Structure formats: structure tokens, C-alpha cells
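The values are calculated or read from the model by the stated rules, or taken from the named source; none is laboratory data. Because the structure is a prediction, the values reported are computed rather than measured. SASA here: full protein model, heavy atoms, side chains in, ligands and nucleic acids out. Shrake-Rupley method; radii C 1.70, N 1.55, O 1.52, S 1.80 Å.
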Amino acid sequence: MKLTSEESNFITQVLQQDSTAQLDIQLSDIETAQLQQWMTTLTQASDLQLLAKINSQIMYFPAHIETKGKNNPTFSCGLPSIFDTNSNHRHWRTEKLTGVQLRATKLGFSFKVLSLSLSGLVIRTFPYNATKLAEYLDNSKVTLILSQGNIAKFDVTSNRVINDTAIALEIMNIHDGLIHLKQEIFEYYNQVHPE
């Protein structure tokens, strides 16, 4: 996503070498020169991570700054990774998912996904089959079918059996569809926590 023109202008002003620093500390000439050199390097082309904290959620936005010639820098941000600090820095868990299903490579049927994060998911199993399916799904390759028809492929390991009809699975390696997975989580997060 692109930053607004106001946000871009603000960052441009901060990064300009001739701007007056509003610092409560005094820097030596050497420190000032090092800071200016670092800021110049930063404005050429840099990958950054912007951090935002809202209540108990921490959001890490992948960002990029690029300057072509003597033009103002352009700034862009990707979708954030969202962590809930109240639950041991787990990625944000969405609730009330609709249209998201998990298909195991070894099995011929799909499971409804009850909760989703970048670190794991909870699936609904058939009555009284959770323990058996948890063993079967342990160290399996799965495909997640997302609400817009996109897919993500990853490995899972069985985390725990929640009850007779639900299993928590931990995502181990995401092979394909990370961007689609982040998009889905971000959209559900925005539905649950509108601005």
C-alpha cells in the first residue's frame, strides 16, 4: 500500500539534510556527520520495517524507500505481520472465519478453519475424531483454500487437541501463498477491529 501524500511529505522533511533537528541531546560533529551519512544512505534505497503499537497489538509493516535521481523519495508499505502481546507474541488470530478451508494432501476431504494466524490455525473435525486426525495430520503438507479462492501451501504439525471436534495446528514452513495468507489475516483483522 502507498503512503498518503501527507505521510510522504512528512518523512521527506525528516530525511532532508538541511532540516533542523529537534533533538533534546547535543551531537558531536563526528556523530552528526555519521547520522547525515546514514540518512543519505537510507534515502537512496532501503528496506525498512515500520512498527505500530495499538493497545495489545504490534504491527510490523515491511516498507521500502527509494529515490531516483534528485526526486523526492517514494515510500511504500506492504501488509503487516500482527502480533498480540497479550498471548506471548503470537500472530493475530482471526475469528468468525467464513469460506476458509484446510485440505490435507493425505485425505480426500476438507476441514473448516475456525481460527487463523501466521503461526497456526484451528480446524473443526468430525465428531469424536479429533485425536485420531491430530495424529494423522502431524507433520503433513496441507493446502489452505482462502475466501477469495486463493491458496496457501504449508507444512503443519499437531499442536494440541482442543476438544472432540477441534484441533490446533502449528504452521511450520510456508511453501506458497504467504502474501495471500497475510492479506486474508489482515482483512479479517480489519473486520474485527475497524478504524
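Leaving out ligands and nucleic acids, and using a 1.4 Å probe, what accessible area per residue does the stretch 106-195 come to in Å²?
Numbers: 4870 Å² over 90 residues.
Averaged over the residues of the stretch 106-195, the accessible area is 54 Å².
Ranking TYR188, TYR136 from most to least accessible surface, computed with a 1.4 Å probe over the protein chains only, gives TYR136, TYR188.
For ILE145, the accessible surface of its heavy atoms amounts to roughly 40 Å² (probe 1.4 Å, protein chains only, rounded to the nearest 10). Here the extension length gained between TRP38 and CYS77 equals 12.0 nm, from 0.36 nm per residue of separation less the Cα-Cα distance.
Just the number, please: carbon plus sulfur as a percent of the accessible area of the stretch 104-195, 1.4 Å probe, no ligands or DNA/RNA counted. Could the numbers behind the result be given before it?
Details: 2470 of 4980 Å².
Carbon and sulfur together cover 50 percent of it.
So if each residue of separation counts as 0.36 nm, and I subtract the Cα-Cα distance between LEU178 and ARG103, what length gain in nm does that give? Working shown, then result.
Numbers: separation 75, 0.36 × 75 = 27.00 nm, distance 1.66 nm.
25.3 nm is the gain from fully extending LEU178 to ARG103.
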